[in-house]
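Everything on this sheet refers to the single structure shown next.
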Amino acid sequence: MTKVTNFGPRVPDPILRAVSTGYVSFSSNSASTAIASNTLAIAGVVISGAAASNFHLLASDATHAAWVLDDLGGGGSVSFGSNAMAVNDINVGGASTNSAREDHRHQGIATITASSSNTMQRPTVNLRAGSNIVFALTDTDGNGALDTLTIQGSAAGGGSSDAITGQSGLGGATIPGFQSHPDIPPTSPGSGDDEFNTTDTSDPMTGWTTLGTPTTHNINSTFKSQYYVEKAAAAGVNLVGIYKAKSPAFTVTCKLTGSIHVQDFMTAGLFIGEAAPGKMEIICLRNQGVTYFGQVLTLTATSPTGTLGIITAASGHYGHGPLYLRIVVVSSTDVTYYWSTNGYLFTRYGAANRNPGFTIGAVGLCVEPENATDGQKAAYDWIRFT
């Protein structure tokens, strides 16, 4: 502040003393008429404006011809603390008052919503609507603070990346063939599909009717994402498992993850049957004599505990699974059986367009031990209909 020592024409001493110190406060407007500019004109000695804090006088030009009452400083405190006003964008100012000049803070992302396009604009991030999205926070620089946000797919639905990751620190690999793997659930499930991902230990299980009297069976309990079925050792035919109502036309495919093959005649497979079997036909893995453990066969059954007959005896395939089994049902008089070791390419088993000799009204999964020494066990990964 310029110290005034000589104003030219004499100024009244009280005014001069106040101006010379650099600051003056007025308790009320002077007798002179108030003016809009809040100036102290030396010649007229006119003072305008009520007393207030944080005011001081400034010379309005180099010759000090006029003095301006200003409120840009003057010793008042300015708060930038807890009462700061939140603003959304960098070019937006906050409060601007005598007590809180430009008192504001810029906020970050406030909302994440689904939209038709992916955009990121403070304070809202818009992501394409979808399911199974996971936000992963990581500490990339190792300083103990989470500093990186990664958008990825959850385990339930898969992510957008093609990478298959291994153990920590060993990196990963891209295996394009997995993108068409037959075990991937279809985007449009068929009516009656079951991936066996929902735990169910009831009897009967939801959506299914129990066939015979399994010793143990459940979904997603003994083995995750599997229908597990077991029948204790029992002499004679004793087919057990699950089935549901299904009428032609349809194609049914299942994945037999594996089964036990210790004794003769132990069986695990996919069947069609009458509405409440009843008569059945089965494509299965079966021990047909000690020479042919785990042989692909098609069988007829007069009932779940009736007589079994072999439709086609030899396929050239032996093993304990996994195995993909398929039945194409055009009508009750037109059925063709298929099997595959990879789920991509299927080999027809036996003659095409077979007539089973009964009205088809059910489809299901079954096992049977057919011996008094060892029980039969099997696991099925899924069953699907097209």
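Readers should treat all values here as calculations from the given coordinates under stated rules, not as data from a laboratory. Quick caveat: nothing in here was measured; it's all calculated off a predicted structure. Ideal geometry is used to build each Cβ from the backbone, glycine not excepted, and the neighbour counts take in all protein chains shown.
Sort 351-361, 176-186 by packing, meaning the average of other beta carbons within 10 Å per residue, with the highest value first.
351-361, 176-186
Okay, which of segment 217-256 sit inside 19 Å, backbone N to the point 7 Å along the Cα-Cβ direction of residue 385?
227, 241-256
Loop-only check: which chymotrypsin sites (Phe, Trp or Tyr not before Pro) in segment 303-355 are DSSP coil with at most 11 other Cβ within 10 angstrom?
Qualifying residues, ordered by number: 344.
Pop a pseudo-label 7 angstrom from the Cα along the beta-carbon direction at both residue 184 and residue 372 and give the gap in nm to one decimal.
Inter-label distance under the simple model: 5.2 nm.
Reported to two decimal places, what Rg/Rh ratio describes segment 258-386 when computed on Cα atoms with Rh from the Kirkwood expression?
That ratio is 0.93, to two decimals.
Suppose each label sits 7 Å from its Cα in the direction of the beta carbon; what would the residue 341-residue 275 distance come out to in nanometres?
4.2 nm
Nearest 0.05, what FRET efficiency do residue 302 and residue 173 give at R0 = 51 Å with Cβ-Cβ as r?
Efficiency for this residue pair is about 0.50.
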